[in-house]
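The values are calculated or read from the model by the stated rules, or taken from the named source; none is laboratory data. All values derive from a computational prediction rather than experimental measurement. In this analysis, Cβ positions are derived from the backbone assuming ideal geometry, glycine residues included, and neighbour counts consider all displayed protein chains.
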Amino acid sequence: MGDRRSTRLGLRVVALLYVAVLVLVPLVVVTWKTVRPGPAAFWSAISSDQAVTAFRLTAEIALASVALNAVFGVGLGLLITRYRFPGRRLLSALADLPLSVSPIVVGLALVLVYGPVDGWFGSTLHSAGIEIIFSLPGMILATTFVSFPLVLREVVPVLLEEGVEQEQAARVLGASAWQRFLRITLPVIRPALLYGIVLSLARSIGEYGAVLVVSGNVSGENQTQTVPLLVGERVQQLEPGAFQLAFLLIVVTVLVIVLVFLRRRESESKHSEPPAVAPDDLALSADPAPAALALHNVASNDVELDKGGLR
Amino acid sequence: MSTVVEPATAASPARSRAARDASGAARLGAGSGLGLGVAVLWLSLLVLIPLAAVVARGFTGGWSGFWDNITDPNAVRALRLTVTTSLLVAAINAVMGTLLAWVLVRDPFPGRRLVDVIIDIPFALPTIVAGLVLLAVYGTDSPVGIHLLGTQRAIVLGLLFVTLPFAVRSVQPVLMALDREVEQAAACLGASPFTTFRRVVLPLLLPAIASGATLAFARAMGEYGSVLLISGGLSRTKVSSMYAYQKIENFDFPAAAATATVLLAVSLLVIVGLDLLQRAAARRG
């Protein structure tokens, strides 16, 4: 018995050490490097023109791509769960693809299609006076690409679980399509939708590689540097102020994780009994890491659709 | 445009009078058909056509042009580094992720919840911040006296950092749902804890461990931001995504697209592999 206890303690120590060395020590060091130069350095790091423009750009891009992903996430979610059409499962699988593509590949893909010089559509758009790459629309596209399925992944399981009885009842009682969506469907999916939006927002604020490629990383007059790009530049050019900006991003991330954690606890206490089918179902509510969460369900999605179909 | 159309589509399920199957799912009506069209168009413009353009550009010089680009010594070196570090990271994740999941599920020590939360931080951090965090600890003015800047070990460390939760989150729910009576039965029959784990628990966890490790592998293959800073910009630490970015910067799009096509093929293989893995697990369970 004592032997088993020491094994358990040993495992615990190894696990905790691993997490401490990999995560805690680095976070403490960054916090220290942020705090040490003092509040004046912090203020000048986040209040320079470049930083303020970066904040504004990041906010604009994040809001636009979250809005796009929310609308298409809910729309695609409803189509996939409420209709039968050829290619439905393929569509659902393709919608998951963006999360497993390298950010540099995402950026390159968009440049090849929307680039001004020899992009498939880009050269036509360019001669029509519409710039996509190296300007805001391209950065929004890149950000939307990398966070594409995050809302969808949250909404689909809820729609499947809910079923269509209430929607059908409302239809029989004469409610219009809009009324049914606003009064029946939306309230049901609201928590999942909000959660998806939070994940999507976190991902949008932090995207680096894809935005780097499509933005051209321009500073100065026509700045296309978002906050993550500015962090990258300050580090690489050995300019001060990288840690301060990074610290802000860490604070945002931790807030999001705590929010997700609280929700996860809530849903755990709601389904305290583990469903029989279901490591996947459980993972759905238990997995708080944005892409892990969506990636994790790449494969399980089909299974769920089948269940939905059988019901 | 699409923002206006979509909500109407969203609401249209009930409007269509089309036949419904047992689950209440309907065939497409006019409104929902339009919605599907808009959604597919958006997915195509945003994701499918651009990805197709990558493959097309990768093959602009035909098969031989593609082959020349991916067998360029620098491309091969980058790809070899990417694959070996990603495999190593997947293997370490399989072991440490299972261990962490085990401790989090079966060992109720004080502060367990906190560890559970901390595990997600590296993954959710913006990748460039993850890179900066590692640079701060293991870079040239390392406060702990470990200098890894520009080494391949630094790349592995960066990848381990961002993939930390994958295996844990994959194994954890399976472990929670595991019926402990089987283990107790094994113990009653005289199996040691280690034998019980190896012969009873591990086989049940294997699909989850494999899918967690596969996810970590996929993420590691395409990683850019978190390993950029710690790589020190040296050729011996250049992974494929950095190689592709360098080619983009030099406007050598065919070479960038060829490497990108290889990375894309790996992502697709991983998705298909995961699907098969999950189906196998579902059949068994």
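Could you check region B:228-247 and list, in sequence order, the residues that are modelled with pLDDT of 95 or more and hydrophobic (A, V, I, L, M, F, W, C)?
B:239, B:242, B:244
Are there any pairs, at least 6 apart or on different chains, whose C-beta atoms fall under 8 Å, with the first in region A:185-198 and in contact (Cβ under 8 Å) with a residue 40 or more places away in the chain and the second of a type in the set (Gly, Ala, Ser) and part of a helix (DSSP H, G or I), and if so, which?
Every condition considered, the pairs that remain are A:185/B:10; A:185/B:11; A:189/A:77; A:193/A:70; A:193/A:73; A:196/A:70; A:196/A:73; A:197/A:70.
Would you call residue A:173 farther than 22 Å from residue A:264 by Cα, more than 8 Å from every other protein chain (Cβ to nearest Cβ) and at pLDDT 85 or above?
Against the criterion (farther than 22 Å from residue A:264 by Cα, more than 8 Å from every other protein chain (Cβ to nearest Cβ) and at pLDDT 85 or above), residue A:173 qualifies.
Given (1) surrounded by 21 or more Cβ atoms within 10 Å (Cβ to Cβ); (2) on the phi > 0 side of the Ramachandran plot, identify the lone condition not met by residue A:72.
So residue A:72 meets the others, but not (2).
Can you tell me which residue is nearest to the other protein chains (Cβ to nearest Cβ) among those in region B:234-253 that are without any contact (Cβ under 8 Å) to a residue 12 or more places away in the chain and in a helix (DSSP H, G or I)?
Restricting to residues being without any contact (Cβ under 8 Å) to a residue 12 or more places away in the chain and in a helix (DSSP H, G or I), the top hit is B:248.
Look at residue A:209 and say whether it is surrounded by 23 or more Cβ atoms within 10 Å (Cβ to Cβ) and farther than 15 Å from residue A:61 by Cβ.
no
Among the residues of region B:239-255, is any assigned by TED's automatic domain parsing to the domain that holds residue B:90 and farther than 28 Å from residue B:52 by Cβ?
Within region B:239-255, none of the residues are assigned by TED's automatic domain parsing to the domain that holds residue B:90 and farther than 28 Å from residue B:52 by Cβ.
With the requirement that a residue be free of Cβ contacts under 8 Å to residues at least 40 places away in the same chain, more than 12 Å from chain B (Cβ to nearest Cβ) and either touching a helix residue (DSSP H, G or I) at 6+ places or on another chain (Cβ under 9 Å) or assigned to a helix (DSSP H, G or I) (or both), what does region A:18-67 give you?
Residues satisfying the conditions are A:35, A:39, A:40, A:43, A:47, A:49, A:52, A:56, A:59, A:63.
Determine whether residue A:115 is surrounded by fewer than 24 Cβ atoms within 10 Å (Cβ to Cβ), facing chain B (nearest Cβ under 10 Å) and out of contact with any strand residue (DSSP E or B) (no Cβ under 8 Å at 6 or more places or on another chain).
For residue A:115, the condition - surrounded by fewer than 24 Cβ atoms within 10 Å (Cβ to Cβ), facing chain B (nearest Cβ under 10 Å) and out of contact with any strand residue (DSSP E or B) (no Cβ under 8 Å at 6 or more places or on another chain) - is met.
Can you find a residue in region B:157-179 that is at the interface with another protein chain (Cβ under 9 Å from one of its Cβ atoms), in a helix (DSSP H, G or I), touching an Asp or Glu at 6+ places or on another chain (Cβ under 9 Å) and over 30 Å from residue B:240 (Cα atoms)?
yes
Residue by residue, here is whether (1) over 13 Å from the mean Cα position of the chain (by Cα); (2) closer than 28 Å to residue B:267 by Cβ; (3) of a type in the set (Val, Ile, Thr); (4) part of a helix (DSSP H, G or I) holds:
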position: B:187; (1), (2), (3), (4): yes, no, no, yes
position: B:190; (1), (2), (3), (4): yes, no, no, no
position: B:197; (1), (2), (3), (4): yes, no, no, yes
position: B:200; (1), (2), (3), (4): yes, no, yes, yes
position: B:206; (1), (2), (3), (4): yes, yes, no, yes
position: B:209; (1), (2), (3), (4): yes, yes, yes, yes
position: B:212; (1), (2), (3), (4): no, yes, no, yes
position: B:215; (1), (2), (3), (4): no, yes, no, yes
position: B:218; (1), (2), (3), (4): no, yes, no, yes
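Out of B:95, B:103, B:83, report the one residue that is part of a helix (DSSP H, G or I), at pLDDT 90 or above and more than 25 Å from residue B:222 (Cα to Cα).
One residue alone meets the criteria, B:103.
Filter region B:114-147 down to residues that are within 21 Å of residue A:255 (Cα to Cα) and either among the small types (Gly, Ala, Ser) or more than 8 Å from chain A (Cβ to nearest Cβ) (or both) and give me whichever is surrounded by the fewest Cβ atoms within 10 Å (Cβ to Cβ).
B:114
With the requirement that a residue be among the β-branched types (Val, Ile, Thr) and buried (at least 24 other Cβ atoms within 10 Å of the Cβ), what does region B:238-262 give you?
Selection gives B:239, B:259.
Please find, among A:210, A:192, the residue that is within 10 Å of another protein chain (Cβ to nearest Cβ), small (Gly, Ala, Ser) and farther than 21 Å from residue B:40 by Cβ.
The unique qualifying residue is A:210.
With the requirement that a residue be more than 7 Å from chain A (Cβ to nearest Cβ) and in contact (Cβ under 8 Å) with a residue 12 or more places away in the chain, what does region B:254-276 give you?
Within region B:254-276, B:254, B:255, B:258, B:259, B:261, B:262, B:266, B:273 qualify.
Report whether or not residue A:84 is within 7 Å of chain B (Cβ to nearest Cβ), among the basic types (Lys, Arg) and surrounded by fewer than 24 Cβ atoms within 10 Å (Cβ to Cβ).
yes
Is it the case that region B:193-205 has a residue that's within 25 Å of residue B:167 (Cβ to Cβ) and touching a residue at least 60 places away in the same chain (Cβ under 8 Å)?
yes
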